[in-house]
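The values are calculated or read from the model by the stated rules, or taken from the named source; none is laboratory data. The structure displayed is predicted, hence computed values, not measured ones. Here Cβ is always computed from backbone atoms with ideal geometry, including for glycine, and neighbour counts include all displayed protein chains.
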Amino acid sequence: MRILLCYPFRDDTYRKVGFILPPMGLGYIAAVLRAHGHRAEIVDFNIAKETPDYSLYDIVGISCDTSRYNAGVRIAEAVRAAGKTVVMGGPHVTFNDGEALETGLCDYVVRGEGEYTFLALVNALQSKGHISDVKGLSFPDGESVIRTPDAEPPDIRMLPLPARDLMDIGAYSRLEMGGRKMTSIVTSRGCPYNCSFCSSSEFSGLKWRFLEPAVIVDEVEDIVDHYGFDGIAFLDDNFTLKPERVMEICDRITDRKIDIYWWCFSRADTILKNEDMVRSMAGAGAKYIFMGFESRSAAILDHYKKRITPDMAKEAVGLLKAYGISTHASFIIGDIHETEDMVMDTIKYAKEIEPEAVQFSILTPYPGTRLFDEVRDRIFTHDWDLYDCLHPVIRLDYMNNEKVKKLLQKAYLSFYLSPRRIYNGIFSTFRGKGIRLGSIIRIFRGLN
């Protein structure tokens, strides 16, 4: 069968600063479909210049996180007008399958990680088999919804490489790190930490499933040799969960003399407990590590189930700096019990620990998170376009919406508009580090 896989457009802050990466989830689905004899194509509406002719396809799959859901529905409307089968997947519709099916524009929802559920559905449609035998599927039955039993998460060691050749990879080459063209790779799935505001543990499970270092470095080398990138973003929810694995990856990168800069997610406690790992990472080209510090308030950190203390942040940033690795720090404002003074203290805290870059976000209750269930009666809008971490969507005890938005703007202005950071922004291209001044300006535009 001929299948089109779509990634909806979203004009969020990441896109404004040029942080656009290929949709790796669709790359894996396409690779599995192709390996089983189907013809798969991918369109990413964040880079696509033309709308595809949906009438050419048997099935159109649409990937939807929460902030892309409305755009996904608009794609589904166009596909339905062409008379073709619509399948939706991704975190939002996994947890809100009824919403998608009730539009009348979606025939099937693939819940959870979709590689083999989608393949089984395609095969069943092709052979006119029993759809109800496909695990991990939701579909309408009159006015009710049939939900088949959940599918087991795939063994990621058995998945083929994502089908990068089906994407316009060159269109993503604007994203740079230290002057290096950067693209993404995923080496593990699942997260045992289960932070209250994150749906990853619910979507991919608490069990951490990972690829072996040799396989990972083979893929890195393939990206460098065949696609021309020399920067890698490891997009695992927690790349450093097993320090021994990280060190072996680093050793293999060094042994093969692969000249790359790279970026990953980690945690302050993991960094502090594993200086040997940090040393190996620096020697293998690690330049940035993204860590969620979230707040100076211990009570808020406990509410988020972060399992870290405020003191860890400055120590972790300092340790990374000692090895020439920059920190991209994440902070969240707008906890339900947070006050303006607490937010201002977190902004002060962000400046005190001196990360190279920051991300300030407004607490957003995504479907599938414990937070969503906890604050359900405080949510005042289900306009999913506003679920971008830049807009308040819940009522707080001590701050109104306008105050939260102003504090978000103040946080970015206070951090980035210091003389030192403006200087670093101007000369970032020449120094190979720092956030470019143009990116800082686009961040501020994205807040309006």
_Test for Met158: is it of a type in the set (A, V, I, L, M), more than 20 Å from Ser63 (Cβ to Cβ) and under 27 Å from the mean Cα position of the chain (by Cα)_ = yes
*Would you mind telling me which numbered condition in (1) surrounded by 18 or more Cβ atoms within 10 Å (Cβ to Cβ); (2) closer than 30 Å to Ile325 by Cβ Val109 fails?*
(2)
*Pairs, please: C-beta under 7 Å, at least 6 apart or cross-chain, first residue closer than 14 Å to Met342 by Cα and in the range 287-300, second aromatic (Phe, Trp, Tyr) and outside any strand (DSSP E or B)?*
Glu294/Tyr304; Arg296/Tyr349
_Among the residues in the range 21-44, are any modelled with pLDDT under 95, among the hydrophobic types (A, V, I, L, M, F, W, C) and touching a helix residue (DSSP H, G or I) at 6+ places or on another chain (Cβ under 7 Å)?_
yes
*Can you find even one residue in the range 55-68 that is in contact with a His (Cβ under 8 Å, 6 or more places away or on another chain) and outside any loop (DSSP other than H, G, I, E, B)?*
yes
_Can you pull out every residue in the range 184-211 that is out of contact with any strand residue (DSSP E or B) (no Cβ under 7 Å at 6 or more places or on another chain) and either in a strand (DSSP E or B) or free of Cβ contacts under 8 Å to residues at least 40 places away in the same chain (or both)?_
Ser200, Ser201, Leu206
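Matching residues to (1) outside the structural domain of Gly112 (by TED's automatic domain parsing); (2) part of a helix (DSSP H, G or I); (3) surrounded by fewer than 21 Cβ atoms within 10 Å (Cβ to Cβ); (4) touching a residue at least 40 places away in the same chain (Cβ under 8 Å):
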position: Tyr349; (1), (2), (3), (4): yes, yes, yes, yes
position: Phe360; (1), (2), (3), (4): yes, no, no, yes
position: Pro365; (1), (2), (3), (4): yes, no, no, yes
position: Gly368; (1), (2), (3), (4): yes, no, yes, yes
position: Leu371; (1), (2), (3), (4): yes, yes, no, yes
position: His382; (1), (2), (3), (4): yes, no, yes, no
position: Met399; (1), (2), (3), (4): yes, no, no, yes
*Give me the pairs: first residue in the range 81-104 and among the small types (Gly, Ala, Ser), second residue part of a helix (DSSP H, G or I), beta-carbon distance under 6 Å, and six or more apart or on different chains, which are they?*
Ala82/Tyr54; Ala82/Ser55; Ala100/Val93
_Where Pro52 falls short, out of the listed (1) in contact with a helix residue (DSSP H, G or I) (Cβ under 8 Å, 6 or more places away or on another chain); (2) part of a loop (DSSP other than H, G, I, E, B); (3) at pLDDT 95 or above_ = (1)
*Considering each residue of the range 46-83, count those that are under 11 Å from Cys6 (Cα atoms) and surrounded by fewer than 18 Cβ atoms within 10 Å (Cβ to Cβ), and give that number.*
2
*asked:* For the condition out of contact with any Asp or Glu (no Cβ under 8 Å at 6 or more places or on another chain) and part of a strand (DSSP E or B), what is the one hit in Ile42, Ile20, Ile75?
replied: Ile42
*Filtered residue count, the range 163-196, keeping only those that are out of contact with any Ser or Thr (no Cβ under 9 Å at 6 or more places or on another chain) and β-branched (Val, Ile, Thr)*: 3
*asked:* Condition first: without any contact (Cβ under 8 Å) to a residue 40 or more places away in the chain and either among the β-branched types (Val, Ile, Thr) or touching a helix residue (DSSP H, G or I) at 6+ places or on another chain (Cβ under 7 Å) (or both). Now tell me which residues in the range 252-275 satisfy that.
replied: Arg252, Ile253, Thr254, Arg256, Thr270, Asn274
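If you check Asp335, Asp341, which single one turns out to be part of a loop (DSSP other than H, G, I, E, B), of a type in the set (D, E, K, R) and at pLDDT 95 or above?
Exactly one of Asp335, Asp341 is part of a loop (DSSP other than H, G, I, E, B), of a type in the set (D, E, K, R) and at pLDDT 95 or above, namely Asp335.
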